[in-house]
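The values are calculated or read from the model by the stated rules, or taken from the named source; none is laboratory data. None of these values were measured; they are calculated from a predicted model. Note that each Cβ is placed from the backbone with ideal geometry, even for glycine, and that neighbours are counted across all protein chains shown. For the accessible areas, the whole protein counts, side chains as well, though only heavy atoms, and no ligand, DNA or RNA atoms are used. Shrake-Rupley method; radii C 1.70, N 1.55, O 1.52, S 1.80 Å.
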Amino acid sequence: MFASIASKRLLATPSRRFCSTVPIKQVASVLKLNVGNEETALAMDAHFQKMNTMMKAHPGYQRANRYVCKSEWAYEMSFIFGDLDSFKAWNTSAVREEVHNNYLAALKEVGIPEDKVYGGARVYDEWE
């Protein structure tokens, strides 16, 4: 999701063209990190829930999904945007700076270095 969160920011920005044969209906901005234990996972939950609430002010933002592997303490977040345009607009959104500052404070609070977080963008679909 990176070598430095400062260079990639909180949520990845579109830097590559998506394959033209894969339709882009929605976009997920993904963060992956290792939280190490349940206490840190719960702390990150609280921060990411706050970020999810903040992000709802951005047009086109829809929701967040969280995945935790309790045997490895792998922690993954997906922030779902309704379409490619809303995801691209996130890059210059005023809300983004506030969310990003909250994200950096969360990492600092739990002692996770920025360079230990992966971030990226994914074409997102829900299948039934």
Among all residue pairs at least 6 apart or on different chains, which show Cβ distances below 9 Å where the first residue, located in region 51-73, is more than 18 Å from residue 100 (Cβ to Cβ) and the second is open to solvent by less than 30 Å² (accessible area, probe 1.4 Å) and of a type in the set (D, E, K, R)?
66/45; 68/45
Suppose we keep only residues that are within 21 Å of residue 93 (Cβ to Cβ), part of a loop (DSSP other than H, G, I, E, B) and open to solvent by 90 Å² or more (accessible area, probe 1.4 Å) within region 1-17. Which one would you say is modelled with the highest pLDDT?
16
(1) surrounded by 16 or more Cβ atoms within 10 Å (Cβ to Cβ); (2) modelled with pLDDT of 95 or more all hold for residue 114 apart from (2)
When only residues in region 40-77 that are among the hydroxyl-bearing types (Ser, Thr, Tyr) and closer than 18 Å to residue 112 by Cβ count, which is surrounded by the fewest Cβ atoms within 10 Å (Cβ to Cβ)?
67
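Yes/no matrix, rows are residues, columns are (1) more than 16 Å from residue 110 (Cα to Cα); (2) among the aliphatic types (A, V, I, L, M); (3) within 14 Å of the chain's Cα centre (by Cα):
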residue	(1), (2), (3)
22	yes, yes, no
40	no, no, no
44	no, yes, yes
49	no, no, yes
52	yes, no, yes
55	yes, yes, yes
59	yes, no, no
Filtered residue count, region 21-39, keeping only those that are open to solvent by less than 60 Å² (accessible area, probe 1.4 Å) and more than 21 Å from residue 73 (Cα to Cα)
4
What is the residue count in region 78-99 for residues that are open to solvent by 50 Å² or more (accessible area, probe 1.4 Å) and among the basic types (Lys, Arg)?
1
